[in-house]
Amino acid sequence: MNFDLIIVGLGPVGAVAANLAGQAGLRTLVLEKSLTIFDKPRAMGFDQEVMRIFDNLGLSEKIAPYVMPYRSSIFQTTDSSVILHIKANEPPFQLGWAPNYAFKQPQIESSLRAHLASFPSVTVKLGVAVEVVHSGDDGASVTVLEASAGQRVYHADYVLACDGGTSPIRTQLGFDMEDLDFDEPWLVVDILLKEGCGENLPATNVQYCEIARPCTFIVGPGQLRRWEFMINPGETPAQVMEPAFVRQLVSRWLDDDEYEIWRASSYRFHALVLHNWRSGRVFFLGDAAHMTPPFLAQGMCQGIRDAANLIWKLALVRRGMAAPALLDTYQAERLPHVKQTTLVSKTLGKMICERDPAAARQRDERLLAEMAANPGGTVRQSLIPGLGAGFLSSSHHGPRGQLLPQPLVRMPDGRECLLDEVTGATFRLAISADADAAFVAQIARECDALRDLPLELVLVGTEPPASSAPPYTLQDVNGVLGDWMRRHDCGAVIARPDHYVFGACRKPEDAGALIRELVAALRAEKPQESPLSAACS
C-alpha cells in the first residue's frame, strides 16, 4: 500500500504530526522503534500556541489533568537579589489559553497516541527499525526491519523525519547542523513530593544565577517539581546521577523523607539548527532539525510548530489545491523562527551559566538597571518572534506573520465558545463589523465560491448578533480580536490553518484583493482581477 505520508518517530512531535495528518485525512504510516512510551518526563513546558493546537485536535479536556499554567520566572543571584523577572500576559488571553503550561510528558504523549485511533487513515507500527530512506522524483520509500515480518519497504509521497536529536535519517543523508555556540553539561532531576511536603519551596520558577553552581527550579503539575543543576568541572555524568549525590543537591530545599526521585538524567544542553530542513521528499522536524537550550521552555514547542506549519501545506499540495512550491516555504518560515528563539534561549542560558565573578557582577549591574527602567518585568511571549518570510502577503501591512488572536465569541444562537471551535483550523477571513453589509454579503459569496479552498468568513463585532444574523456574525466577547485589529489598523485579515496571518488590509473593502492574492499564492500565480475588484475600486 502506498501512503501520502510516512512519519518516522512517535515522540511528541511525530505524534502531533500524525494527529494533524489524520485530521487532514492523509493516508499516514507512523514508524516507531520503541514499543512503549518513555515513562519519565523530558520536556516540561509548552506555550499557548501549542495548547491551541492540542485543542484544535480535540485534546484539551483529555490532557487537562496533566497540565497547569506555568509560573512566572525570577532570576536571582547568590545573595538572592532578583535581577530579572519573566512573566506572562494577563487575561484576557490572546490565543484563548494561558500563555504557558507545565505538563507531565508521558501522560501527554499517551493521550496523543491514543487519539490516533480516531483517525482511520493513520496506521501506527511500533518496534520497527528504519534502515534506509530514499527520495526520488515520483515519491519516497522507507526500508524497515520488522520483528514479525523481516525487511519491508513502504512507499509514500513524503517522509517526515521526527527521529530525534541523533536522527539516523539526518546522519544517512549527511546533513550538518549549525552550531550556535552553546554546549553545557547539566543534571535534570524530577522529584515527586510526598503528601503535605514542599510547603517551603518557592511558589514560582527560579533561575539561580549562582557562581558556585547555577541551577533552575520549576513548579510542575501536582506533586512534580524539577531542578536542573549545572555539572561542575571534575564531576562526571555518572557521579551526579547517583541518588546520594542528587539528594545532597536537593537538601538545600527538602529533607530526604519529603520526596521521591522520579528521574535524574544528565544532558548536554545544545543550540543547534539544521542547515537543510528538506532533502527532496524528506522533511526534518523537531530535534532532528534543531536543538534548543531549555531556558525558555521552547524545545518541544519548536517541533510542534514544525508539524503545524508543514502538515496543512502537505495536505493542500496532495489534494492539488496548492502548487508544490508551497512546500519550499517550510524551511523559509521555520528556520529563522527557530534560530531566533534558540538565540534568545541561549542568551538566557549564558546569563544563568556565568561563572566568572567579574562578569557576573557586570551582568547583575546591567540587569538591575534594566529592571529599574522596566519594573513591570519582561513578558515571556514578547520573546517569541512571528514569521518574517514565506507564505505571506506581498503587503507588509499590520499583523502579517503574527498569530491570529482567538477570542471568546458569542454566536447568533447565543452559544459562547472560542473562535477556532466555530471556524476550525482552516483559512479564515476576519472582517470588522462596521463594514458595509452589502459588501460583506458579496465577500461571503466569494468565499463560498472557493470550492477548492476552505476560507471561513468571520464578521467580528462588539454587540451580540441577532438570532437571524448570518452564522459568520460573531460578538467578540472580551474584545480580544477587535482591539488587536484596531491596534494594527486593519479592517480585514486572513489567517492560515496554522493561525499565522497571511495578510491584512486597512479597509474591509480591500478584502477581495487579499483573497485573490491568497488564491494566486497557493497556485504560484500572479493575482488576477475579478468583478469584486472593480466593484471595490
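Every number here is computed from the coordinates shown, using simple stated rules; none is lab data. Just so it is clear, the model here is predicted, and its values are computed rather than measured. Positions of Cβ are generated from backbone atoms using ideal geometry, with glycine treated the same way; all protein chains shown enter the neighbour counts.
Just name one of 34, 65, 343: the one whose Cα is farthest towards the positive end of the charge dipole of the chain (beta-carbon charges, Lys/Arg +1, Asp/Glu -1).
Going by the Cα projections, it comes out as 34.
What area, in nm² and to one decimal, does the C-alpha convex hull of the range 322-372 cast on average over all directions? Before the final figure, lay out each step's value.
Numbers: hull surface 20.6 nm².
Hull-based average projected area comes out at 5.1 nm².
At q = 0.06 Å⁻¹, what base-10 log of I(q)/I(0) does the Debye formula yield for the chain when every alpha carbon is treated as an equal point scatterer in vacuo?
Values, matching the q order: -0.32.
Here is the link list: 125/339; 40/62; 339/507; 194/346. Which ones come out longer than 29 Å on Cα distance?
Details: 125/339 33 Å; 40/62 19 Å; 339/507 35 Å; 194/346 34 Å.
Over 29 Å apart, Cα to Cα: 125/339; 339/507; 194/346.
Please find the FRET efficiency linking residue 82 to residue 181, where r is the Cβ-Cβ separation and R0 is fixed at 35 Å, and quote it to the nearest 0.05. Don't skip to the end; give the middle numbers.
Values: r = 28 Å, r/R0 = 0.79.
It comes to 0.80.
Rounding to the nearest 10 and keeping the result within 0 to 90°, find how far the Cα-based axis of helix 357-373 lies from the longest principal axis of the chain.
Orientation of helix 357-373: about 40 degrees from the principal axis.
Quick one: P(r) of the range 332-477 from all Cα-Cα pairs, 5 Å bins, percents rounded to integers, in order of increasing distance.
Bins of 5 Å from zero give 2, 7, 12, 13, 14, 11, 9, 9, 7, 6, 4, 3, 2, 0 percent of pairs.
If you place +1 on the Cβ of every Lys and Arg and -1 on the Cβ of every Asp and Glu, how big does the dipole about the Cα centre of the range 140-252 come out, in debye to the nearest 20? Working shown, then result.
Working: 8 positive and 16 negative charges, 105 e Å.
Its charge dipole is roughly 500 debye.
Per the Kirkwood treatment, what hydrodynamic radius in Å, one decimal, follows for the range 408-536 from the mean inverse distance over all distinct Cα pairs? Walk me through the numbers before you get to the answer.
Working: mean 1/r = 0.0675 Å⁻¹.
Taking the inverse mean of 1/r over all distinct Cα pairs, the range 408-536 comes out at 14.8 Å.
If you take the charge dipole of the chain about its Cα centre, with +1 on Lys and Arg Cβ and -1 on Asp and Glu Cβ, which of 82, 200, 402 is farthest toward its positive end?
Of the options given, the answer is 402.
With +1 on the Cβ of every Lys and Arg and -1 on the Cβ of every Asp and Glu, and nothing else charged, how large is the dipole of the range 365-474 about its Cα centre, in debye rounded to the nearest 20?
On the way: 8 positive and 13 negative charges, 51 e Å.
The calculated dipole for the range 365-474 is roughly 240 debye.
Are there chymotrypsin sites (Phe, Trp or Tyr not before Pro) in the range 182-273 that DSSP marks as loop and that have at most 13 other Cβ atoms within 10 Å, and which are they?
Values: sites: 182, 186, 208, 217, 227, 229, 245, 253, 259, 262, 267, 269; in loops: 253.
Sites meeting the loop and neighbour criteria: none at all.
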